[in-house]
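Just below is one structure, and these are the notes that go with it.
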Amino acid sequence: VLLDNDGKEVDIGDAGARITRQGERYYQIGFLLPTTIHGREPGQEKPAEITIGQQTNSMLWDRDLEIVVDFDFDWRDLAVVDPKGDTVARITSVVMRSDMKESEERWSGPVVFDVQGVEVMNGNQERFSLGKFGFRTIVDGLDMVRYAAISRAVAQGQQTPEQTIQSLEQLLSAIAVEFSLEDLAVERSSQEPIR
């Protein structure tokens, strides 16, 4: 169960995992989330539900650095059902993937976040839809040893977000960021679609 400062609660339930050792340095971690995850607002009697139709979850753990150095998450056919039982959102797919490779203790490669087929509805017959949203970062020459140290400092509350951003700027040779957005529309019951 995850809680935030506002009292919101997310109950993930039981997740199954499989860990496979790869050589002397890495562990491949695969896991499955439950097909239904429950979320509850403060004072809410019944929870909302997030359902996942299909999923693939994989991470590569570096035991020397004690950090995830690669990941591949692919979720399909997601839906959000409110406490009244109404489907208020659907998402065709969510993909989060990195493909960085190490060379001379520096890591380089793409990190991708891609969402397709978003549809959000409410009780007033209003609808928001998004064909595709993409975020792609090309990392060049990341000092993963120092990055791992920063990650541990953040997890232990020893470093602020501002200090983290300043530190990250010093760990990279270069970085490129690409955005893409396709087929965004907002529809209202009494009006033509806004695009």
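The values are calculated or read from the model by the stated rules, or taken from the named source; none is laboratory data. Remember, it's a predicted structure, so these values are computed and weren't measured experimentally. Note that we place each Cβ from the backbone using ideal geometry, even for glycine, and neighbour counts take in every protein chain shown. What goes into the accessible areas is simple: the full protein's heavy atoms, side chains included, and nothing from ligands, DNA or RNA. Shrake-Rupley method; radii C 1.70, N 1.55, O 1.52, S 1.80 Å.
Arg127 versus Ala185, label points 7 Å from Cα toward the beta carbon: distance in nm?
0.7
Solvent-accessible area of Lys101, probe 1.4 Å, all protein chains present, reported in Å² to the nearest ten, please.
Surface open to solvent at Lys101 totals about 120 Å².
Which of these values of volume of the Cα convex hull per residue in Å³ was calculated from the structure shown: (1) 143; (2) 126; (3) 156?
Among (1) 143; (2) 126; (3) 156, the one calculated here is (3).
Taking only protein heavy atoms into account and a 1.4 Å probe, give the accessible area per residue of the chain in Å². Let's see the in-between values first.
Values: 12680 Å² over 195 residues.
Ligands and nucleic acids excluded, the result is 65 Å² per residue.
In nm, to one decimal, how far is the modelled label at Gln163 from the one at Ile29, with both set 7 Å along Cα→Cβ?
2.5
Give the accessible area for Ile19 in Å² (nearest 10); use a 1.4 Å probe, count only protein heavy atoms, and leave out ligands, DNA and RNA.
110
Can you compute the modelled spin-label distance between Asp99 and Asp64, with each label point 7 Å from Cα toward Cβ, in nm?
2.4
Please determine, in degrees from 0 to 90 and to the nearest 10, the orientation of helix 144-155 with respect to the longest principal axis defined by the Cα atoms of the chain, where the helix direction is its Cα long axis.
Approximately 50 degrees, to the nearest ten.
Compute the distance from the alpha-carbon center of the range 168-184 to that of the range 73-128, in whole Å.
Taking the Cα centre of each part, the range 168-184 and the range 73-128 sit 18 Å apart.
Straight-line reach from Lys84: which lysines have a Cα under 19 Å away, not including same-chain ones fewer than 8 places off?
Leaving aside lysines fewer than 8 places away in the same chain, those within reach of Lys84 are Lys8, Lys46.
Normalised by the residues of the chain, what does the relative contact order come to in percent, with Cα pairs under 8 Å and at least six apart? Please report the intermediate quantities before stating the final value.
Working: 441 pairs, mean separation 24.8, N = 195.
About 13 percent, as a whole number.
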